[in-house]
């Protein structure tokens, strides 16, 4: 996906936290911001309108969607059903 240059105005403390976090996690502030913005709900977020606030905050957190078969196997092993 093509990238676009933007200017952001951030609080100094927030920027310093972002720099420290990005260095500690071997990433960039740009990647942190990009990942955060990519996780925001789409404009047609009617599907999430009926979710509880806790679940709504978690929407978009998981990357990749997961493997349903592996998850079912995990549940079977854990609960024996």
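Things to note:
- Boolean, residue 81 is in a loop (DSSP other than H, G, I, E, B) and either at pLDDT 75 or above or out of contact with any strand residue (DSSP E or B) (no Cβ under 9 Å at 6 or more places or on another chain) (or both): yes
- Exactly one residue among 35, 13, 67, 26 is surrounded by 10 or more Cβ atoms within 10 Å (Cβ to Cβ) and either at positive phi or at pLDDT 85 or above (or both), and that residue is 35.
- Hits in the stretch 51-64 (condition: loosely packed, with under 10 Cβ neighbours inside 10 Å and at pLDDT 70 or above): 52, 53, 54
The values are calculated or read from the model by the stated rules, or taken from the named source; none is laboratory data. All values derive from a computational prediction rather than experimental measurement. Reconstructed Cβ throughout: ideal geometry from the backbone, glycine too, with neighbour counts over all protein chains shown.
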